[in-house]
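K.L.:
The structure follows.
Where a number appears in this text, it was derived from the coordinates with a stated rule and is not lab data. Keep in mind the model is a prediction, meaning the values are calculated, not measured. Note that we place each Cβ from the backbone using ideal geometry, even for glycine, and neighbour counts take in every protein chain shown.
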Amino acid sequence: MRIRHVITGAIAAALTSITLTSTPATAADGDFYTPPSDVTGQPGDVIRSEPSVFYLDPLKAIKADARVQRLMYVSTTARGRKDAVTGTMITPRAPWVGKGERPLISFAVGTQGMADTCAPSRQLAAGSEYEGLFIKGLLLRGYAVVVTDYEGLGTPGTHAYVNSTALGRNVLDAARAATRLGTDRVSATAPVFIAGYSEGGNASAGALEQHRAYAPDVNVTAGYAGAVPADLTKVAPNLDGSLYAAFLLYSVTALDATYPELGIPSLLNAAGKAALARADTTCTFDGVAAFPFTRSSTLTADGSSISSFLSRPDIAATLESLRLGKGRPDVPVLVAHTTLDDVVPYAQGRDFARSWCRNGAKVSFQPSLAPTHIGGAVSSFPKAFAFFEARVAGLPAVSNCGLF
């Protein structure tokens with residue numbers, strides 16, 4: 001349909017233009033992001049909410065035609081501790097005219113960075129969220145959308161970057177929170193679709209694998225996961241020394257924060273410790289600009305690459321616990337990945353999808369030849385729209401397991 005081509009083209013333009021800027025959203029509202037001293041309640045309980053806005057551009061000329069709320073809710077860390085996480089609830093003003101109840105998309109954003117100013121709820125309000133046009137495309141289809149900020153983005157603490165356990169729980173608990181808001185509350189029986197690309201693909205896949213055990217009360221009916229960094233031991237070497245070396249630093253920072261017993265700082269030299277500290281203050285594009293082509297061997301105490309430490313038994317066991325593909329989703333899923341991905345290796349993404357198939361999941365795996373990771377995102381968005389539209393229409397999901 002024409003609207004799909006318009007949205008896809010606009011996304012391409014936005015992703016191209018936004019890579020030229022790196023100014024994060026300004027935080028003039030820090031009080032909202034300060035959690036209570038003792039986080040109590042059940043996962044998904046809403047701690048607080050307030051009206052917010054969603055702009056599609058940093059000039060704030062284009063405002064989404066939707067009711068927007070910023071929220072803080074209870075979630076659970078990878079180590080089982082209750083935590084406060086923030087996010088955004090976006091509800092179209094137009095009434096739902098499709099079949100059944102208005103669906104809810106629990107959307108997991110791609111890499112935002114590590115600084116609190118990078119939180120999607122702040123970026124959406126500032127018009128600087130680079131996935132804003134994909135979210136707009138979901139709203140145009142009548143879906144309600146809840147966007148988690150993830151653990152440690154906006155709120156105190158280190159962002160749990162590509163920790164599929166923590167981020168998956170954040171995504172599921174955001175869906176729970178959407179059913180517990182005071183206004184624009186989503187029905188607990190409404191269909192929930194999980195969606196995300198890149199780091200968002202990691203979070204989406206983590207949510208889909210944990211759904212049955214962690215949040216069986218959430219009515220997840222379908223999922224989309226694009227360019228999934230499923231096996232961090234295979235993603236890390238691809239990032240080391242690349243344009244996107246900052247993403248490796250984000251991963252190491254997050255791993256150290258969640259699993260301090262690994263003693264990661266002892267593996268680094270002074271330059272390495274300084275690089276991690278600096279990376280923790282950046283958002284995606286200024287992070288990429290700060291560390292292009294950085295080789296981790298220049299940051300370690302013995303001159304080895306960070307990848308060489310991944311086989312150390314304790315580190316390997318931790319990364320294995322985070323590897324996706326050991327479980328399976330209990331709903332139909334779309335997995336998309338470009339063979340020309342320059343950030344998340346295609347082969348490990350394909351193998352991850354094959355693992356889901358072996359475990360009994362209904363998977364539609366859709367590769368493409370789109371150039372680069374960003375191109376893969378743009379090419380996957382129409383596929384995600386069509387996949388969800390088919391689920392709303394009640395069409396049977398088709399699996400191509402065994403054919404890829």
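K.L.:
Nearest 5 is fine: what % of DSSP beta bridges in the chain come out antiparallel, could you say?
P.N.:
Roughly 45 percent of the DSSP beta bridges within the chain come out antiparallel.
K.L.:
If you don't mind, another one. Please work out the Kirkwood hydrodynamic radius for segment 232-320, using every pair of different C-alpha atoms, and report it in angstroms with one decimal place.
P.N.:
Kirkwood radius, segment 232-320: 12.8 Å.
K.L.:
So, one more: Picking from G272, P229, A254, whose Cα lies most toward the positive end of the charge dipole for segment 201-288 (charges on Cβ: Lys, Arg +1; Asp, Glu -1)?
P.N.:
G272
K.L.:
Sticking with this one: Tell me, in nm to one decimal, what length is gained between S187 and A317 on full extension, where the rule is 0.36 nm per residue of separation less the Cα-Cα distance?
P.N.:
Gain in length upon complete extension: 42.8 nm.
K.L.:
Please list 3J(HN,Hα) in residue order for segment 80-96, calculated via the Karplus relation 6.51 cos²θ - 1.76 cosθ + 1.60 where θ = phi - 60°; whole Hz, with x for glycine and proline.
P.N.:
These are the phi-based 3J(HN,Hα) values: x, 8, 5, 8, 9, 10, 9, x, 9, 10, 10, 10, x, 6, 6, x, 6 Hz.
K.L.:
May I pose another question? Compute the whole-percent fraction of alpha carbon pairs in the chain spaced more than 35 Å apart.
P.N.:
19 percent
K.L.:
With an 8 Å Cα cut-off and a minimum separation of 6 or more residues, compute the relative contact order for segment 239-398 in percent.
P.N.:
Computed value for segment 239-398: 19 percent relative contact order.
K.L.:
Can you compute the charge dipole magnitude of segment 232-320 about its Cα centre, using +1 on each Lys and Arg Cβ and -1 on each Asp and Glu Cβ, nothing else charged? Give it in debye, rounded to the nearest 20.
P.N.:
200 debye
K.L.:
Picking from G87, S311, A353, whose Cα lies most toward the positive end of the charge dipole for the chain (charges on Cβ: Lys, Arg +1; Asp, Glu -1)?
P.N.:
A353
K.L.:
On a full-extension model of 0.36 nm per residue, what is the gain between R93 and K326, subtracting their alpha-carbon distance, rounded to one decimal in nm?
P.N.:
79.9 nm
K.L.:
Which of the helices in the chain, when you take each full DSSP H run, stretch at least 27 Å along the axis at their Cα atoms and have an average Kyte-Doolittle score of -1.0 or higher?
P.N.:
What comes out of the filter, once short or polar helices are dropped, is 372-392.
K.L.:
Here is a follow-up. Place the peptides 184-192, 95-103, 326-334 in order of packing, highest mean first, counting for every residue the other Cβ atoms within 10 Å and averaging per peptide.
P.N.:
Output ranking for 184-192, 95-103, 326-334: 326-334, 184-192, 95-103.
K.L.:
Moving to a separate point now. Hey, can you grab everything whose amide H is under 5 Å from the amide H of Q366? Only 5+ residues off in sequence or another chain; H modelled, so Pro and N-termini drop out.
P.N.:
V335, A336, H337
K.L.:
Multiply the residue separation of S399 and S37 by 0.36 nm, subtract the distance between their alpha-carbon atoms, and state the gained length in nm to one decimal.
P.N.:
The S399-S37 span can extend by a further 125.6 nm.
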